[in-house]
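A.B. asks: Take a look at the following structure, please.
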Amino acid sequence: MAASAGRATRVATRELSPSDHSEWSELVTESEHGSVYALPGYLEALCRATGASFRIVGVFLDGRLVGGVPLYERRARSGTYVANRLLLYYNGIVLRLPEKKFPSDATSQELGVLQAMAEDLGRRPYVHLLLHNRSTVQDVRPFLAQGWQARLSYTYVVPLEDHAAQWDRVDPNLKRLIVRCERDGVTYREDDDFDALFRLHLATHQRKGAPLYLPEKVFAAWYRELSSAGLARLGHAIFDGKAIASQLMLLGPRAAAHTVCAGADEQYLRMGASALLRWHSCLALARAGYRANDLTDAALNPVTRFKSQLGAELTPTWSLTRGDTLMFRLESAVQRWRAAASRGSRAAAEDPE
């Protein structure tokens with residue numbers, strides 16, 4: 001445990017026990033930084049699917065839980081490391097601090113909590129430690145002051161509170177595709193047809209080389225567990241009784257839902273079913289009470305352009321990393337070299353010359 005004393009408050013950190021998880025879940029649900037990724041139920045399901053483990057470091061003010069960070073742990077040859085991954089886009093800081101009348105007092109309180117968190121994490125014997133925060137976490141100065149590095153990345157977020165205003169933001173070409181699909185009889189449906197999602201996910205993997213999130217049976221069991229807990233749902237674009245585009249959405253705290261996995265049937269790509277799917281899923285999430293839909297990532301590629309055409313807002317997010325150990329850096333370098341060599345070998349095998 002780490003602790004520091006001030007004039008009016010005492011800040012302390014400790015790992016949360018399973019008996020603390022209900023209190024942590026309440027904090028995540030009420031926090032502006034909260035997301036499904038920080039819920040114990042979600043982390044437990046992901047760890048069962050991947051063989052990883054997790055712990056949650058909580059921060060307390062005068063004995064009251066006011067924040068923390070979930071640590072999703074994996075093993076490398078060099079030791080245990082913490083990082084996000086597919087199906088865990090965010091693994092960062094969550095805070096729910098007492099209200100203060102003056103901004104200066106609120107800032108001082110937040111900095112004290114973040115400092116205690118940075119000190120605690122800095123002492124943990126991880127070979128690599130990366131936290132990817134939601135866009136609501138912007139003040140990371142206590143981490144920088146202790147030698148952490150910050151990296152800026154982006155995601156696209158669709159506001160869901162004003163349908164008419166959002167429709168006005170949609171690119172005209174995407175609107176045309178959506179309207180044409182509706183006219184041609186393509187409809188939106190939500191159900192638990194995971195087989196349809198995985199069929200299209202696999203087809204996209206084979207067509208574009210996009211990564212498979214999990215092996216099929218493990219992925220299906222993961223989805224069923226989360227769906228039964230109310231943390232995941234599937235949406236499909238249906239044509240002639242068949243799913244021609246599907247996507248997976250993660251739920252949780254009402255602030256934002258997260259679209260994390262999608263696939264489409266190559267035969268129907270020109271119809272614009274993916275556009276209809278994305279738009280109508282946003283409408284369905286809005287009806288369910290969500291205020292935003294995080295489309296997950298904004299790397300420079302055609303998928304990102306498609307996300308922007310939905311009128312989504314480009315949103316900055318900060319990742320924080322502590323210095324890696326030498327053994328982890330060497331191990332990572334070897335893995336990158338092997339991956340590059342494998343890509344080169346595949347390209348040579350496919351080149352008739």
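A.B. asks: With a 1.4 Å probe and every protein chain left in place, work out the accessible area per residue of segment 273-333 in Å², rounded to a whole number.
C.D. replies: Value returned for segment 273-333: 43 Å² of accessible area per residue.
A.B. asks: What percentage of the solvent-accessible surface of segment 232-332, computed with a 1.4 Å probe over protein heavy atoms, is contributed by carbon and sulfur atoms?
C.D. replies: Carbon and sulfur: 56 percent of the exposed surface of segment 232-332.
A.B. asks: Quick one: 3J(HN,Hα) in Hz for segment 48-64, Karplus 6.51/-1.76/1.60 with θ = phi - 60°, rounded, Gly and Pro as x.
C.D. replies: Each residue of segment 48-64 in turn: 4, 6, 10, x, 8, 9, 8, 9, 10, 9, x, 10, 10, 10, 6, x, 9 Hz.
A.B. asks: Whole angstrom only: what separates the Cα centroid of segment 174-199 from the Cα centroid of segment 120-143?
C.D. replies: Spelled out, the Cα-based centre of one part sits 39 Å from the other.
A.B. asks: For segment 82-150, with all protein chains present and a 1.4 Å probe, just round the carbon and sulfur fraction of the accessible area to a whole percent. Don't jump to the answer; show the numbers that get you there.
C.D. replies: Working: 1550 of 3060 Å².
Reported share for carbon and sulfur atoms: 51 percent.
A.B. asks: Percent relative contact order of segment 1-122, based on C-alpha pairs within less than 8 angstrom and at least six residues apart?
C.D. replies: 27 percent
A.B. asks: Dipole of segment 181-254 (Lys/Arg Cβ +1, Asp/Glu Cβ -1, origin at the Cα centre): which of P215, L231, T187 lies farthest to the positive side?
C.D. replies: P215
A.B. asks: Would you mind telling me which residue in T259, T325, T317 has the biggest mean-square fluctuation in a Gaussian network model of the chain, where springs connect alpha carbons within a distance under 10 angstrom?
C.D. replies: T325
A.B. asks: Return one whole number: the accessible area per residue of segment 154-207 in Å², for a 1.4 Å probe.
C.D. replies: 56 Å²
A.B. asks: Quick one: compute the contact order of the chain, relative version, from alpha carbon pairs under 8 angstrom and 6+ residues apart, as a percent.
C.D. replies: Value for the chain: 21 percent.
A.B. asks: Rounded to the nearest 5, what % of the DSSP beta bridges within segment 67-172 are antiparallel ones?
C.D. replies: For segment 67-172, the DSSP antiparallel bridge percentage is about 80.
A.B. asks: Near A221, within a Cβ-to-Cβ distance under 14 Å, what is the net charge of the other residues, with Lys and Arg +1 and Asp and Glu -1?
C.D. replies: Value of the local net charge: -2.
A.B. asks: How far is the Cα center of segment 279-296 from the Cα center of segment 30-109, in Å?
C.D. replies: Rounded to whole Å, the Cα centres lie 24 Å apart.
A.B. asks: What number, rounded to the nearest 500 deg cm²/dmol, is the helix-based mean residue ellipticity at 222 nm of the chain, given -39500 (n - 2.57) per DSSP H run of at least four residues and division by all its residues?
C.D. replies: Rounded to the nearest 500, it is -12500 deg cm²/dmol.
A.B. asks: Related question: Which value, in Å², gives the accessible area per residue of segment 1-85 when a 1.4 Å probe is used on the protein heavy atoms?
C.D. replies: Per-residue value: 45 Å².
A.B. asks: In debye, nearest 20, what is the charge dipole magnitude of the chain about its Cα centre with +1 on Lys and Arg Cβ and -1 on Asp and Glu Cβ, if you could check?
C.D. replies: With only Lys, Arg, Asp and Glu charged at Cβ, the dipole is about 680 debye.
A.B. asks: Determine which aspartates and glutamates satisfy two conditions relative to K242: a Cα distance under 18 Å, and not lying fewer than 8 residues away in the same chain.
C.D. replies: Straight-distance partners of K242: E182, D184, E190, D191, D192, D193, D195, D265, E266.
A.B. asks: Also: Relative to the longest principal Cα axis of the chain, at what angle does helix 21-30 sit, 0 to 90 degrees, rounded to 10?
C.D. replies: The angle comes out near 70 degrees.
The values are calculated or read from the model by the stated rules, or taken from the named source; none is laboratory data. Please read these numbers as outputs of a predicted model, since none were measured by experiment. Here Cβ is always computed from backbone atoms with ideal geometry, including for glycine, and neighbour counts include all displayed protein chains. Protein only, heavy atoms only, side chains kept; ligands, DNA and RNA dropped before computing areas. Shrake-Rupley method; radii C 1.70, N 1.55, O 1.52, S 1.80 Å.
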